[in-house]
Amino acid sequence: MKIYLGRELREANKNSAADNRMMLDRSRVLMVNIIGSPGAGKTALLEQTLRHLSSHLTIAVIEGDLYTDADAKRLRGLCAKVIQINTEGSCHLEAGQIGELLVKENLLHTDIVFVENVGNLVCPAAFDLGEDLRVSLVSVTEGADKPCKYPLTFRDSHACIISKTDLLPYCDFDLDKVTGDLQTINSSLTVFTLSAKSGEGLAKWCRWLEAHVAKKKSALNSGLAVPSRE
């Protein structure tokens, strides 16, 4: 029975994700799902990203966490809207939760919706939210084995950010090995090396996001369908 229940939940989530993707496509809104372990630097990345992009793009953030709104408080004032979801024990966000907020919070009139998922590399990888882009983080402080230990997360991502690169001189982290492992797992993965503290790599990351915003708007203006992740 547990197996069937799991299948039913995943099927329901898949249907909700398809609905979300349809709404986002019709509204020309780019949604980015950010996945990473606790302490990988997801919120710090968003802080700096919002500072760079909010002057010319309308941005909303959905913050997912087990408890507290500590991360949401860090981001308020840096973009148009920040909404907190406390899962109170659930290890991931689900598409139905996101779809409800897209409508209720009027997020379909923004340029980008960032979703900071609950902090881990396992559960969030199995639940499509209807996002255009899935971005995974692995920090140099976590160790070089994370891509090989959690390949599903990186296999289904569009980009991976190797974060906290300012700490490379102080960590036993083989950057070349990790980059190679990521490309073996997902040869189409875009890899960024980035430090939210020093700003290294931030401009390249922001240009990548801007290009995807422009691409989505251009595709919809020309009547072309925006490809979804399968």
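The values are calculated or read from the model by the stated rules, or taken from the named source; none is laboratory data. Everything numeric here is computed off the predicted structure, so don't read it as measured data. Reconstructed Cβ throughout: ideal geometry from the backbone, glycine too, with neighbour counts over all protein chains shown. For the accessible areas, the whole protein counts, side chains as well, though only heavy atoms, and no ligand, DNA or RNA atoms are used. Shrake-Rupley method; radii C 1.70, N 1.55, O 1.52, S 1.80 Å.
Extension gain, LEU167 to LEU66: 0.36 nm times the residue separation minus the Cα-Cα distance gives 33.6 nm. Within the chain, CYS79, CYS148, CYS160, CYS171, CYS206 have no other Cys Cβ under 4.7 Å of their Cβ and so lack a disulfide-compatible partner by this rule.
Remark: the Cα gyration tensor places region 1-83 in the oblate category, a/c being 1.5 or greater and a/b not exceeding b/c. Structure note, pairs LYS14/LYS204; LYS42/LYS217; LYS42/LYS73; LYS42/LYS104: Cα-Cα distances above 23 angstrom occur for LYS14/LYS204; LYS42/LYS217; LYS42/LYS104.
The alpha carbon gyration tensor of region 128-217 gives principal lengths a ≥ b ≥ c with a/c of 1.5 or higher and a/b no greater than b/c, which makes the shape oblate.
Largest accessible area first, the listed residues ARG134, ARG21, ARG76, ARG26 line up as ARG26, ARG76, ARG21, ARG134 when surface is computed with a 1.4 Å probe on the assembled protein chains.
Subtracting the Cα-Cα distance of ASP174 and ARG26 from their residue separation scaled by 0.36 nm leaves 49.0 nm. If you find the alpha carbon centre of region 176-207 and of region 4-72, how far apart are they in angstrom? If you average the Cα positions of each part, the centres end up 19 Å apart. In terms of its C-alpha gyration tensor, the chain comes out rounded, because the ratio a/c of the largest to the smallest axis stays below 1.5.
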